[in-house]
Amino acid sequence: MHHITDCDYNIQGTATQVSNSECNMPCIGNASLTCGGPNRISIYQDNGGTHGNVLPVNKAVVGTWTFEGCHTDVVNGAPRTLTERFDIAAGVTIESCTQECASQGFSIAGLEFGQECWCGNSFLVPNTAAPLGNCSEVCSADVTELCGAANRLSVYINNA
């Protein structure tokens, strides 16, 4: 039997809510409580404990950059949506990625997988828009910001 306790700021991927009745397995440490079920996980939210209830966000505006939306990356074996990846030694944030893209002469910044910064001047693959909820991973260097997810880019456009 596999037992994991995991904490996060949001639900990752394509999880969907099911009826509470499907979470009917007793917890190992306290059998009077339920802890998920077959292929199910019980999820609880801290409403103001030690974390201050700060949820991560895609910032609407960062300097001259505006949030454009969530996009797919590497769709069906296609090339990357944006051309250039830059490693940021201090860690990836919306600010550090948009600044790096601007300094390299790019007008589009994409943050992926919480730790990747991609730049370009156009999308290499058309029709990449994805549901906003798909970009749900926190940035490695600032847990108050969202930085895409696996194969998902939080995209910012420079309006300068």
Scoring segment 106-160 by relative contact order with C-alpha pairs under 8 Å, at least six apart, yields a percentage of 44 percent
Sorted by chain and then number, the residues having a modelled amide H within less than 5 Å of the amide H of residue 138, at least 5 places away or on another chain, are 147
If amide H atoms are modeled at 1.01 Å from N in the peptide plane, then the residues at a separation of 5 or more from residue 130, or on another chain, having amide H under 5 Å from its own are 70, 71, 72
Residue separation between residue 78 and residue 39 times 0.36 nm, minus their alpha-carbon distance, gives in nm 10.9 nm
Per the 1/(1 + (r/R0)^6) rule, R0 = 41 Å and r from the Cβ atoms of residue 68 and residue 89, FRET efficiency to 0.05 is 0.95
In order over segment 59-70: 3J(HN,Hα) from phi, Karplus 6.51/-1.76/1.60, θ = phi - 60°, whole Hz, x for each Gly or Pro, gives 5, 5, 9, 9, x, 8, 9, 10, 6, 9, x, 9
Mean separation of Cα contacts under 8 Å (at least 6 apart) over the residue count of segment 37-147, i.e. the relative contact order in percent, is 30 percent
By the C-alpha gyration tensor axes a ≥ b ≥ c (rounded if a/c is under 1.5, else prolate when a/b exceeds b/c, else oblate), the shape of segment 76-160 is oblate
Residue by residue through segment 17-28, the couplings from Karplus 6.51 cos²θ - 1.76 cosθ + 1.60 with θ = phi - 60°, in Hz, x for Gly and Pro, are 6, 10, 4, 4, 5, 7, 9, 10, 7, x, 5, 5
With a Förster distance of 30 angstrom and the Cβ-Cβ distance between residue 23 and residue 127, calculated FRET efficiency to the nearest 0.05 equals 0.20
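Since every read-out is calculated from the coordinates, none of them should be taken as a lab result. These figures come from a predicted structure and were not determined experimentally. Backbone-built Cβ (ideal geometry, glycine too); neighbour counts: all protein chains shown.
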